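The structure appears below as structure tokens.
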Amino acid sequence: MAHDPYASLRFPEYRAFLASMATVFVATQVQSAVLGWQVYAITGDPLALGLVGLAEALPFLLLTLVGGWAADRFDRRALSLASLAAVGGSGAWLFALSLGAPRSALPFYGAQALAGLGRAFFRPASAALGTELVPREHYHNASSWRSSVFHVAMVLGPAAGGGLIAFGGPRVAYAVVCVLTLVGLGTLLLVSPRPRPAPAEAPGRIADELADGVRFVFDQPLLLGAMSLDLFAVLFGGAAALLPVFARDVLGVGEVGFGVLRAAPAVGSVVMSFALVRFGELRRAGRTLLWSVACFGLCWMAFAASRSYALSLALLALAGALDNVSVVLRSTLVQTFTPQEKMGRVSAVNSFFIGSSNELGAFESGLAAKLLGTVPSVLFGGAMTLVTVGAVAWRAPALRRLTRIAPP
């Protein structure tokens, strides 16, 4: 059968779902970029950037498994709408804070904690909802399109955030975030309700059902290896939270230059996303995953040593392209090997790994920069990424030998 690059887009509800995700992704990227710039402007301390990530990570990590349980028990579309409203509330809070002249970063941490609370339920609910809108044989194509949309948003969001700061300041940027979130809510309403079927067995205790989702992941060497790779590699290897420091103190560029730096990884991701959509499923998927993460770490090490703005942009774009390969392969593995009745809980475990690597990675980057200095901390993180790839390749031979991702 000929490869159809638009297979998942032929389902109207999946198109509406993607449109909603696109506006939400842009909103969250604008908010993240503006918040990082604003907090660093208030404090002048790279550790404060790490605390922004920690403020979001704590409620997310504490509640995301509960969010996955809820996604397997309740209407996934309704749960996505409710949790998205909480995420939008954090943008409204930041807008209210920006109406004055803030002198402390503490209220901004509170707003980001609210965003983390909403995402704890939104990520597993929306990930599981997406699998109900297309047949299983189109999961790879759907993951590629969703990754494309996410990374296009990562291009538009930070660049728009930097431009909005320069044009009208944080309050204008946060107003745009609120509008985009409302558009995302409205578009998601075009997806029909998705009530969950009654379970075959009587529901057990929440703790037992949560443990069942975690146990499923740990019983699947492919899933555990791919998630562990993401957790530790991105925890140490990525240093996106430190880009405000590189923009102002290392490369000497202003707000717009910072926005372009934030967008550069996503530019590479977008190019890679559309390449994956165009050419279809990757062969030798396991080795491709391992090599892409290793080269991702090397790109960040080279970025830390660079003093050329053009070279730094190119390295960030290449890192983003390599990261996108990892994202698509991991998402396809999770969706393909997980039964629908466990999809919410397994998606929550996946989100826990991703949330740990991204949000805690931001805290690790800020703390390491405080202790070691900005450039040495990124060099150290890249080296740790290479160590992680070697450890996963050794401990997960099934992942190393994986060729095609096919349903078990």
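The values are calculated or read from the model by the stated rules, or taken from the named source; none is laboratory data. Here the structure is a predicted model, which is why all the values come from computation and not from measurement. Here the Cβ is made from the backbone with ideal geometry for all residues, glycine too, and neighbour counts use every protein chain on show. All accessible areas refer to the heavy atoms of the entire protein, side chains included, with ligands and DNA or RNA removed. Shrake-Rupley method; radii C 1.70, N 1.55, O 1.52, S 1.80 Å.
For Ser306, which of the numbered conditions (1) open to solvent by less than 10 Å² (accessible area, probe 1.4 Å); (2) closer than 19 Å to Ala142 by Cβ fails to hold?
(2)
So which residues in segment 102-126 are in a loop (DSSP other than H, G, I, E, B) and open to solvent by less than 40 Å² (accessible area, probe 1.4 Å), if there are any at all? Step through it out loud before you land on a result.
Within segment 102-126, the first condition is being in a loop (DSSP other than H, G, I, E, B), and the residues that meet it are 102-105.
Within segment 102-126, Ala105 is the sole residue that qualifies.
Looking at segment 241-253, I want the residues that are touching a residue at least 24 places away in the same chain (Cβ under 8 Å) and have a partner that is of a type in the set (D, E, K, R) with Cβ atoms under 7 Å, at least 6 apart or on another chain. Which pairs are those?
Leu243/Arg262
Scan segment 36-48 residue by residue and report those that are within 23 Å of Ala153 (Cβ to Cβ), open to solvent by 10 Å² or more (accessible area, probe 1.4 Å) and hydrophobic (A, V, I, L, M, F, W, C).
Residue satisfying the conditions is Trp37 alone.
Going through segment 251-303 one residue at a time, which ones are closer than 25 Å to Arg136 by Cβ and hydrophobic (A, V, I, L, M, F, W, C)?
Across segment 251-303, the qualifying residues are Met272, Phe274, Ala275, Leu276, Val277, Phe279, Leu282, Ala285, Leu289.
Which one of these is of a type outside the set (D, E, K, R), part of a helix (DSSP H, G or I), touching a helix residue (DSSP H, G or I) at 6+ places or on another chain (Cβ under 6 Å) and open to solvent by 30 Å² or more (accessible area, probe 1.4 Å): Leu94, Leu129, Leu156?
Leu156
Those residues that are open to solvent by 10 Å² or more (accessible area, probe 1.4 Å) and closer than 23 Å to Ser273 by Cβ, I need them from segment 311-320; list them, please.
Answer for segment 311-320, where residues must be open to solvent by 10 Å² or more (accessible area, probe 1.4 Å) and closer than 23 Å to Ser273 by Cβ: Leu313, Ala314, Leu315, Ala317, Leu318.
Just to be sure before I move on: is Leu84 within 17 Å of the chain's Cα centre (by Cα), closer than 29 Å to Ala239 by Cα and open to solvent by 30 Å² or more (accessible area, probe 1.4 Å) in the structure I sent? Even if it seems obvious, please write down each step before you answer.
Working: within 17 Å of the chain's Cα centre (by Cα): yes; closer than 29 Å to Ala239 by Cα: yes; open to solvent by 30 Å² or more (accessible area, probe 1.4 Å): no.
No.
Yes/no matrix, rows are residues, columns are (1) at pLDDT 75 or above; (2) among the aromatic types (Phe, Trp, Tyr); (3) buried (at least 23 other Cβ atoms within 10 Å of the Cβ):
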{"residue": "Leu188", "(1), (2), (3)": "yes, no, no"}
{"residue": "Gly237", "(1), (2), (3)": "no, no, yes"}
{"residue": "Asp249", "(1), (2), (3)": "yes, no, no"}
{"residue": "Glu255", "(1), (2), (3)": "no, no, no"}
{"residue": "Leu261", "(1), (2), (3)": "yes, no, yes"}
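Going by the conditions given, is Leu333 touching a residue at least 60 places away in the same chain (Cβ under 8 Å), within 26 Å of Val387 (Cβ to Cβ) and of a type in the set (A, V, I, L, M)?
Values: touching a residue at least 60 places away in the same chain (Cβ under 8 Å): yes; within 26 Å of Val387 (Cβ to Cβ): yes; of a type in the set (A, V, I, L, M): yes.
Judged against the criteria, Leu333 is a match.
List pairs: first in segment 373-386 and open to solvent by 60 Å² or more (accessible area, probe 1.4 Å), second among the hydrophobic types (A, V, I, L, M, F, W, C), Cβ under 7 Å, 6+ apart or cross-chain?
Leu379/Met301; Leu379/Ala304; Phe380/Ala368; Phe380/Leu372; Leu386/Ala294
Results for (1) in contact with an Asp or Glu (Cβ under 7 Å, 6 or more places away or on another chain); (2) at pLDDT 90 or above, shown as yes or no for each residue.
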position: Trp69; (1), (2): yes, no
position: Asp72; (1), (2): yes, no
position: Ser80; (1), (2): no, yes
position: Gly91; (1), (2): no, yes
position: Leu99; (1), (2): no, no
position: Leu106; (1), (2): no, no
position: Ala113; (1), (2): yes, yes
position: Thr131; (1), (2): no, no
position: Ala142; (1), (2): no, no
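Among the candidates Leu231, Leu182, single out the residue that is among the hydrophobic types (A, V, I, L, M, F, W, C), closer than 30 Å to Met343 by Cα, within 23 Å of the chain's Cα centre (by Cα) and open to solvent by less than 40 Å² (accessible area, probe 1.4 Å).
Leu231
Return the residues of segment 317-341 that are part of a helix (DSSP H, G or I), closer than 21 Å to Arg194 by Cβ and in contact with a Leu (Cβ under 9 Å, 6 or more places away or on another chain); say none if nothing qualifies. It would help to see each step written out before you state the result.
Residues of segment 317-341 part of a helix (DSSP H, G or I): 317-337, 340-341.
Filter once more, so that each one left must be closer than 21 Å to Arg194 by Cβ: 331, 334-336, 340-341.
Val334, the sole residue that qualifies.
Would you confirm, using the coordinates I've provided, whether Ala33 is buried (at least 22 other Cβ atoms within 10 Å of the Cβ) and at pLDDT below 90?
The answer is yes for Ala33.
Kindly list the number of the only condition in (1) under 29 Å from Asp72 (Cβ atoms); (2) open to solvent by 10 Å² or more (accessible area, probe 1.4 Å); (3) of a type in the set (A, V, I, L, M) that fails for Met343.
Condition (2) is where Met343 drops out.
Only one of Ala142, Ala175 is of a type in the set (A, V, I, L, M) and open to solvent by less than 10 Å² (accessible area, probe 1.4 Å); which?
Ala142
Name the one entry in Ala41, Ala27 that is free of Cβ contacts under 8 Å to residues at least 24 places away in the same chain and in a helix (DSSP H, G or I). Spell out how you get there, then give the answer.
Values: Ala27 fails: free of Cβ contacts under 8 Å to residues at least 24 places away in the same chain.
Every option except Ala41 fails the conditions.
When you check Leu99 against the structure, is it in contact (Cβ under 8 Å) with a residue 40 or more places away in the chain, surrounded by fewer than 22 Cβ atoms within 10 Å (Cβ to Cβ) and not in a helix (DSSP H, G or I), yes or no?
Here the answer is yes, as Leu99 does meet what is asked.
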